[in-house]
Every structure is written in C-alpha cells, then in structure tokens.
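Visitor: Mind looking over this structure? Questions follow.
Quick note: the coordinates plus some simple rules give every number you see, no bench work behind them. These numbers come from a predicted model, not from an experiment. Glycine also receives a Cβ, built like all others from the backbone with ideal geometry; neighbour counts cover every protein chain displayed.
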Amino acid sequence: MRVAVLFHERERDIDPALHLVHNFAQVWREDGLEVVYLYGTKRFVPANLVLVHIDLSVVPEAYLEFAARYPVVLNGRVRDVRKSVTSRYLVRQGDGWDGPVIVKTDHTTAAATPST
C-alpha cells in the first residue's frame with residue numbers, strides 16, 4: 001500500500017522532518033507502507049491514499065482537485081481553516097468583551113494562494 005502526502009509546491013525546499021506528518025510517515029513506513037511526498041500538483045504518483053498537508057489558511061482549489069484523483073483523500077474537504085470560518089468564539093466590535101485578544105487577520109492574497 002502506498003500513501004502520498006501532498007505538500008504545497010513552496011514546501012519543496014523545506015526539510016519534511018520539520019512537519020509532524022513526517023513522524024507519522026516514519027511510523028507508516030515501519031508498518032510496511034510506502035510513503036511518497038508530493039510537492040505541488042504537476043506530478044501524479046499513484047497511491048491508495050493521499051493526505052492533503054497544505055500549510056495555508058485557505059487551500060488552493062487546484063490542490064483539492066488534484067487530491068480528488070486518489071481513491072481515498074484525507075483532508076480533502078478542508079478548504080479553509082481560518083478562525084472566522086471554523087469557530088463561533090469570535091470577538092466582535094460592540095459585544096462587550098473588554099479583555100485582551102489575539103488578532104489574526106483573514107487577509108489572503110493571490111501570492112499566498114497560487115494555483116499549482
């Protein structure tokens with residue numbers, strides 16, 4: 001059985017050991033699975049399962065479409081992990097909260113979400 005881990009193309013020059021998924025991959029290999037790392041959507045490698053591991057708040061549609069070619073897709077429906085989308089615990093102007101907050105923007109740019 002082969003497992004493919006799909007990274008963003010910009011992760012190509014980053015040591016995969018810096019990602020927690022690399023530790024999972026080591027365990028999977030010890031259990032006899034073949035694990036391949038894919039960077040971007042240009043090269044399709046047949047596998048039984050693909051794990052989408054895109055380190056962006058909003059996953060580019062091209063990556064989700066690419067992943068859909070595999071028989072089993074993990075994280076294939078996780079398109080947007082911004083807190084404004086995933087959490088109901090948001091502080092809004094006028095809601096009465098007067099304590100400290102951590103501010104994280106929802107701003108995305110075309111440069112942050114390339115199509116390949």
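Visitor: What number, in percent, do you get for the relative contact order of segment 7-53 if the mean sequence gap of Cα pairs under 8 Å and at least 6 apart is divided by its residue count?
Guide: Computed value for segment 7-53: 54 percent relative contact order.
Visitor: If you take the beta carbon distance between residue 12 and residue 103 as r and set R0 to 30 Å, what does 1/(1 + (r/R0)^6) give as a FRET efficiency, to the nearest 0.05?
Guide: 0.45
Visitor: Cα centroids of segment 65-99 and segment 1-22: how far apart, whole angstrom?
Guide: The distance from the Cα centre of segment 65-99 to that of segment 1-22 comes to 22 Å.
Visitor: Using a Gaussian network model on the chain with a 10 Å cutoff between Cα atoms, which of 15, 80, 98 fluctuates the most?
Guide: 98
Visitor: Only bridges whose two residues both fall in the chain count here: according to DSSP, what percent of them are antiparallel, nearest 5?
Guide: 10
Visitor: Tell me the label-point distance for the pair residue 90, residue 62, using the 7 Å Cα-to-Cβ offset, in nm and rounded to one decimal.
Guide: 2.8
Visitor: Moving to a separate point now. Using Cα springs under 10 Å in a Gaussian network model of the chain, which residue among 74, 49, 18 shows the largest mean-square fluctuation?
Guide: Greatest mean-square fluctuation among the candidates belongs to 18.
Visitor: Helix 20-30 against the longest principal axis of the chain: what's the angle in degrees, Cα atoms only, rounded to the nearest 10?
Guide: Compared with the principal axis, the helix lies near 30 degrees.
Visitor: Springs between alpha-carbon atoms under 10 Å, Gaussian network over the chain: tell me which of 14, 54, 102 tops the mean-square fluctuations.
Guide: 102
Visitor: Over segment 2-104, what is the relative contact order in whole percent, taking alpha-carbon pairs under 8 Å and six or more residues apart?
Guide: 28
Visitor: Residues with beta-carbon under 15 Å from that of residue 9, excluding residue 9: net charge, scoring Lys, Arg +1 and Asp, Glu -1?
Guide: Taking every Cβ under 15 Å from that of residue 9, the sum is -1.
Visitor: For every helix of n ≥ 4 consecutive DSSP H residues, a contribution of -39,500 (n - 2.57) applies; sum these over the chain, divide by its total residues, and give [θ] at 222 nm rounded to the nearest 500 deg cm²/dmol.
Guide: Using -39500 (n - 2.57) per qualifying helix, the result is -5000 deg cm²/dmol.
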